[in-house]
Amino acid sequence: MSMPSIPPAPHRPNKKEVAIDLLESIALEEIALSHLMNAEAEKIQAFVGECLDFPTNPSNKEIVKFNKAVNQLLETIVMKEWLLLKKLENVIELQDHPSEHCHEHPPKKCKEHCNCSPCHSCHLPICSCCCPSMKKHDC
């Protein structure tokens, strides 16, 4: 069996677009978790009753069983929140480490007469005045 490969695509997102997509996915997952917690709170309110009178007259065993189910869901949500926190930390780390295509000659401020143009893939300037090796680079 050979190694899987990513098929070529007409447009590959750049680093900024990837970070935005990741942040959006975190936000959507947070919204979903909030809906789950709200539904669970409504379920608890229905079980306990508005006046804390337990309208269904559950036995002690049923109350303990219900409590365990609520506790299990909340533990799962806490674990998911931890994973989302790690995902967010990775996105922040991704943004804190900008990719430099030329490590030998870090980009400098361009001269006024420079004809810099952004790379179509990574949007970094391709500039001969800042770094001669940046005329061509791998994105």
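Between L23 and I6, what length in nm is gained on full extension when 0.36 nm per residue of separation is reduced by their alpha carbon distance?
Residue separation times 0.36 nm, minus the Cα-Cα distance, leaves 3.8 nm.
Return the sequence-ordered ³J(HN,Hα) values of region 8-13 in whole Hz as given by the Karplus equation 6.51 cos²θ - 1.76 cosθ + 1.60 applied to θ = phi - 60°, using x for Gly and Pro.
My calculation for region 8-13 gives x, 10, x, 9, 9, x Hz in order.
Computed FRET efficiency, Cβ-Cβ of V78 and K16, R0 35 Å: what is it to the nearest 0.05?
0.65
Please compute the length gained on full extension between Q95 and Q45, using 0.36 nm multiplied by the number of residues separating them and subtracting their Cα-Cα distance.
The Q95-Q45 span can extend by a further 13.7 nm.
Taking every alpha carbon pair in region 6-64, what does the distance histogram look like in 5 angstrom bins from 0, in percent?
Computed distribution, short to long bins: 4, 15, 12, 12, 10, 8, 8, 7, 6, 6, 6, 5, 2.
How large is ³J(HN,Hα), in whole Hz, for each residue of region 49-56 in order, when computed from phi with the Karplus curve 6.51 cos²θ - 1.76 cosθ + 1.60 and θ = phi - 60°, using x for Gly and Pro?
x, 5, 9, 6, 9, 6, x, 8
Given R₀ = 30 Å, what would the calculated FRET efficiency be for K65 paired with S34, taking r from the Cβ atoms and rounding to 0.05?
For R0 = 30 Å, the calculated efficiency reads 0.75.
Probe of 1.4 angstrom, ligands and nucleic acids ignored: what's the accessible area per residue over region 1-51, in square angstrom?
In whole numbers, region 1-51 has 82 Å² accessible per residue.
So what's the gap between the Cα centers of region 71-93 and region 29-64, to the nearest angstrom?
Here the answer is 23 Å between Cα centres.
The values are calculated or read from the model by the stated rules, or taken from the named source; none is laboratory data. It should be emphasised that the depicted structure is a prediction, and the values quoted were computed from it without experimental measurement. Positions of Cβ are backbone-derived with ideal geometry, glycine not excepted, and every protein chain shown enters the neighbour counts. Please note that ligands, DNA and RNA were not included when accessible areas were found on the heavy atoms of the full protein model with its side chains. Shrake-Rupley method; radii C 1.70, N 1.55, O 1.52, S 1.80 Å.
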